[in-house]
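Where a number appears in this text, it was derived from the coordinates with a stated rule and is not lab data. The model shown is predicted, which means the values in this text are computed figures rather than measured ones. Neighbour counts run over all protein chains shown; Cβ positions are idealised from the backbone, glycine included.
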Amino acid sequence: MPARARSAWTKTLGQLLLILALAVVVGLLVGQPWPVLTAAALGVVAWHYWKLRGVLLRLTARQRLDPPTGDGIWNELDRLLHRGQQEMRSRKRRLVAMLRAYRAAAAALPDAIVVVERNSQRVQWFNEAATPLLGLRYPRDIGAALGERLQPLPISRWLAAGRNAEPLMDTPSPANSDLRLSLRLIPYSDELWMLVARDVSKLMRLEQMRRDFVANVSHELRTPLTVVHGYLDMLDPADQPEWAPMLAEMQRQSQRMTQLVEDLLTLSRLEAQDTVVDESVAMAPMLATLKREAEALSHQRHTIVIEDQAALDLWGSTKELHSAFSNLVGNAVRYTPAGGSITIGFRRDDDGGALLSVRDSGYGIPAAHLPRITERFYRVSTSRSRESGGTGLGLSIVKHVLNLHQARLEIESEVGRGSMFSCHFGAERVHPRDQSHEQAMPPSYAVGK
Ligand SMILES: Nc1ncnc2c1ncn2[C@@H]1O[C@H](COP(=O)(O)OP(=O)(O)OP(=O)(O)O)[C@@H](O)[C@H]1O
Ligand SMILES: [Mg+2]
């Protein structure tokens, strides 16, 4: 007990004992000790009751009161309660101010923020930006079902995925069809989720401009390159033997540039596509063609093996898939020294889909490069890639083609031991092999990218 409370307690006890002693003395003097003692005891109880009432009145008073003065147990109790009350009030004030500041910050954000109750998927709160971006209005939409409010966006299905919900990167705004939004779901407690919608219209326009620019420049470069290429082909090194090495280098470089332009055009075309034609892709002739191409590139420097164990065919674009697979095979040949082996495998995947893998016993890729390897123009060892004439667009094309087929690329590699590039196709992309297709390659197959 603090010293001040202890002294108040001792003082009150002293007063009580004094009163009782006085009552006994007075009672003995008047010859009626018990009635006087009883009257004194009742007086003490009444006094304490009166003091308790005072404390209760002060505690429940609406207006702010000054701290009590005086001593004694009741004043001390009153003072302690008053102090606790003051502390609680100031804590509450601080909390309210903090909450207001958070709300003001969230309200001022340019992104739309909507707090959604997880089970009912109903709106609990949203900031100002949710009105122009998502069309939510206050107070009408507080408590509304979010899926219904944001129609035609497939929000309910998306919310149902919860923590696994992938961000929706480019979605039209339900409030304004000119706006493009990126939506992200952040589960921040067991009961509440936060939906964040960002206006990415400008970013999308810039991205479109970049794509158009690359496509147009590549297209414009095609004709002059064809002309240069044509004239170079007409020049005979035998006419000017001292120019022969320069001529050969010019031809090599112009071929490389032509390949680069073709790759950029392929990437632009793939980027502009949302879906691919859904034809049956006969895998037996596809694997046979890949083997022929690998052999042509390898000039018998490698052992090339096909392991076809799936008895499945794919749904998708034969041309695009061939382009992706032959990029992987081309890489395996390029980045495997003579004497190495390359295995092209096709088998069933555990999830009911299929897996096409290209395994080589080549140089391998250091782990640090793997996360960036599918970026445009990204090459691991520039000297080796330059030697092989690569531009660093091949795997980018592979990734785009696989994305269009909802497939994914996995890369395993060990420096000095080799690499394995695996393309995983989902169950919806495969069907039992149609034996009638196992003939020659369809004419749409083009060798190269
Ligand atoms: N099988 C492989 N073994 C080792 N390194 C590889 C393999 N495949 C790709 N790489 C590395 O990844 C880089 C990127 O490959 P990518 O196919 O995108 O470009 P590239 O082969 O250099 O050029 P191109 O556009 O002509 O394909 C390559 O430069 C190479 O360093
Ligand atoms: Mg390549």
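Enumerate the helices in the chain for which the Kyte-Doolittle hydropathy averages 0.5 or more and the C-alpha atoms extend at least 18 Å along the helix's axis, using complete DSSP H runs.
Numbers: long enough: 3-30 (40 Å, 1.44); 33-60 (41 Å, 0.76); 73-108 (52 Å, -0.65); 201-234 (50 Å, -0.28); 244-272 (42 Å, -0.28); 283-298 (22 Å, 0.24); 318-334 (23 Å, -0.14).
Flagged H segments are 3-30, 33-60.
Averaged over every viewing direction, what's the projected area of the C-alpha convex hull for segment 169-247? Give it in nm², one decimal, please. Walk me through the numbers on the way to the answer.
Working: hull surface 40.8 nm².
Computing the convex hull of the Cα atoms and averaging its projections yields 10.2 nm².
Just how far, in whole angstrom, is segment 208-250 from segment 54-114 if you go by their alpha carbon centroids?
81
For the residues His400, His299, what sequence is obtained by ranking on other C-beta atoms within 10 Å, fewest first?
The fewest-first ordering by Cβ neighbours comes to His299, His400.
Provide the FRET efficiency to the nearest 0.05 for the Arg205-Val228 pair, computing r from the beta carbons and using R0 = 35 Å. Please report the intermediate quantities before stating the final value.
Values: r = 35 Å, r/R0 = 0.99.
Between Arg205 and Val228 the formula returns 0.50.
Using a basic spin-label model with each label point 7 Å from the Cα along Cα→Cβ, how many nm lie between Ala272 and Arg58?
Taking the two extended label points, one gets 8.4 nm.
State the extension gain, in nm to one decimal, for the chain segment bounded by Asp212 and Leu192, taking 0.36 nm per residue of separation less the distance between their alpha-carbons. Mind dumping the intermediate values first?
On the way: separation 20, 0.36 × 20 = 7.20 nm, distance 4.18 nm.
Full-extension gain reported as 3.0 nm.
Which FRET efficiency, nearest 0.05, do Glu166 and Thr303 yield, Cβ-Cβ r, R0 35 Å?
For Glu166 and Thr303, the calculated efficiency is 0.25.
Tell me, what ³J(HN,Hα) does each residue in segment 410-420 have, in order and in whole Hz, if you take phi through Karplus 6.51 cos²θ - 1.76 cosθ + 1.60 with θ = phi - 60° and put x for Gly and Pro?
Result, rounded to whole Hz: 10, 10, 10, 7, 9, 4, x, 10, x, 9, 9.
Which one, Ala248, Ala296, Thr318, projects farthest toward the positive side of the charge dipole computed for segment 247-328 from Cβ point charges (K/R +1, D/E -1)?
Farthest towards the positive end: Ala248.
Label-point separation (nm) for Ser7 and Thr38, each offset 7 Å from Cα along Cα-to-Cβ?
So the label points at Ser7 and Thr38 sit 3.9 nm apart.
Sort the following peptides by mean Cβ neighbour count (other Cβ atoms within 10 Å, averaged over residues), highest first: 94-101, 52-59, 69-76.
For the peptides 94-101, 52-59, 69-76, the packing ranking is 69-76, 52-59, 94-101.
What do you get when you divide the Cα radius of gyration of the chain by 2.2 N^0.38 Å, with N the number of residues? Please list the in-between numbers first.
On the way: Rg = 41.1 Å, N = 449, 2.2 N^0.38 = 22.4 Å.
Normalised Rg, Cα atoms only: 1.83.
Rank Ser7, Val261, Ala39 by how far each Cα sits towards the positive end of the charge dipole of the chain (+1 on Lys, Arg Cβ; -1 on Asp, Glu Cβ) and give me just the farthest.
Ala39
Considering lysine pairs in the chain that are 8 or more places apart or on different chains, how many have Cα atoms under 17 Å apart?
6
About the Cα centre of segment 1-113, what is the dipole size in debye to 20, counting +1 per Lys and Arg Cβ and -1 per Asp and Glu Cβ, all else neutral?
580
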